[in-house]
Amino acid sequence: MKLLVLNGPNINMLGIREPDIYGRETYAALLKRIEEHCAARGIDVECYQSNHEGDLVDKIQAAYGKCDGIVINPAAYTHTSVALLDAVKAVSIPTVEVHISDVDARDEFRRVSYIRAACVAMISGRGLQGYLDAIDLLAERFVK
Ligand code: DQA
């Protein structure tokens, strides 16, 4: 089973950006957690982060026929991007939307998610653990 874990803009700034909201663990620490979690379960994982919407679209398209599931934290593009929604729809790969913070308990505009309509589940407010929960959800329920 091969999974793609995608992160959008400013997730590379984890540990530096708004630590009261996103915690003090770095993006490198997140990658380590994901890689160890997947290795222990025999899951082949590729992680990718970009600050550019089109790069994320390209990565989703490239997953077609190659990946069995996608975990995505689109970050700010969650609330703006029809292109990411359409990309996930286009490839029809089971996708879980993840947010480190509880997006429904923050600003009004963070309650809107374009990509949600194409996702099999949404995990929000569980910190970095949310990525691991999303991986487990895909492995247990959505990937045959
Ligand atoms: C986020 C929430 C978004 O509203 C925000 O723009 C982010 C991170 C989260 O993980 O909690 O960059 O997706």
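The values are calculated or read from the model by the stated rules, or taken from the named source; none is laboratory data. Quick caveat, the model's predicted, so the values are computed rather than measured. Cβ coordinates were reconstructed from backbone atoms using ideal geometry, including for glycine residues, and neighbour counts include every protein chain displayed. These accessible areas exclude ligands, DNA and RNA; they are computed on the full protein's heavy atoms, side chains included. Shrake-Rupley method; radii C 1.70, N 1.55, O 1.52, S 1.80 Å.
Scan segment 1-25 residue by residue and report those that are charged (D, E, K, R) and under 30 Å from PHE142 (Cα atoms). Can you show your working first?
Here is the first cut: in segment 1-25, the residues charged (D, E, K, R) are 2, 17-18, 20, 24-25.
Residues satisfying the conditions are LYS2, GLU25.
Any residue that is within 14 Å of the ligand (Cβ to nearest atom) and either farther than 23 Å from PHE142 by Cα or more than 13 Å from the chain's Cα centre (by Cα) (or both) - is there at least one of those in segment 54-63? Explain how you work it out, then say what you get.
In the first step, residues of segment 54-63 are kept if they are within 14 Å of the ligand (Cβ to nearest atom); the result is 56.
This time we only want the ones that are either farther than 23 Å from PHE142 by Cα or more than 13 Å from the chain's Cα centre (by Cα) (or both), so: none.
No, there is no match, as no residue in segment 54-63 is within 14 Å of the ligand (Cβ to nearest atom) and either farther than 23 Å from PHE142 by Cα or more than 13 Å from the chain's Cα centre (by Cα) (or both).
Quick one: which of GLU108, GLU97 is within 12 Å of the chain's Cα centre (by Cα) and charged (D, E, K, R)?
Numbers: GLU108 fails: within 12 Å of the chain's Cα centre (by Cα).
Among GLU108, GLU97, only GLU97 is within 12 Å of the chain's Cα centre (by Cα) and charged (D, E, K, R).
So TYR131 clears everything in (1) in contact with a Phe, Trp or Tyr (Cβ under 9 Å, 6 or more places away or on another chain); (2) open to solvent by less than 30 Å² (accessible area, probe 1.4 Å) except one condition, right? Which one?
(1)
How do the pairs read when you match residues in segment 129-144 that are outside any loop (DSSP other than H, G, I, E, B) with residues anywhere that are at pLDDT below 95, using Cβ under 7 Å and keeping only pairs 6 or more apart or on different chains?
none
So is ARG110 within 13 Å of the ligand (Cβ to nearest atom) and open to solvent by 10 Å² or more (accessible area, probe 1.4 Å) or not? Explain how you work it out, then say what you get.
On the way: within 13 Å of the ligand (Cβ to nearest atom): yes; open to solvent by 10 Å² or more (accessible area, probe 1.4 Å): yes.
Taking the combined requirement at face value, the residue satisfies it.
Could you pull out the residue among SER92, SER81, SER50 that is over 23 Å from GLY125 (Cβ atoms), within 16 Å of the ligand (Cβ to nearest atom) and at pLDDT 95 or above? Working first, answer last.
Values: SER92 fails: within 16 Å of the ligand (Cβ to nearest atom); SER81 fails: over 23 Å from GLY125 (Cβ atoms).
Result: SER50 is the single residue among SER92, SER81, SER50 that is over 23 Å from GLY125 (Cβ atoms), within 16 Å of the ligand (Cβ to nearest atom) and at pLDDT 95 or above.
Could you check, for segment 103-111, whether at least one of its residues is in contact (Cβ under 8 Å) with a residue 24 or more places away in the chain and of a type in the set (Gly, Ala, Ser)?
Within segment 103-111 (the criterion being in contact (Cβ under 8 Å) with a residue 24 or more places away in the chain and of a type in the set (Gly, Ala, Ser)), the answer is no, since none of the residues qualifies.
State whether the residues of segment 67-78 include one that is free of Cβ contacts under 8 Å to residues at least 60 places away in the same chain, touching a helix residue (DSSP H, G or I) at 6+ places or on another chain (Cβ under 6 Å) and within 16 Å of the ligand (Cβ to nearest atom).
Of all residues in segment 67-78, those free of Cβ contacts under 8 Å to residues at least 60 places away in the same chain come to none.
No, the conditions are met nowhere in segment 67-78.
Go through segment 75-107 and count every residue that is assigned to a helix (DSSP H, G or I), within 12 Å of LEU56 (Cβ to Cβ) and open to solvent by less than 40 Å² (accessible area, probe 1.4 Å).
Number satisfying all stated conditions: 6.
Report, by residue number, each residue of segment 1-29 that is surrounded by 19 or more Cβ atoms within 10 Å (Cβ to Cβ) and either farther than 18 Å from TYR77 by Cβ or more than 15 Å from the ligand (Cβ to nearest atom) (or both).
LEU3, LEU4
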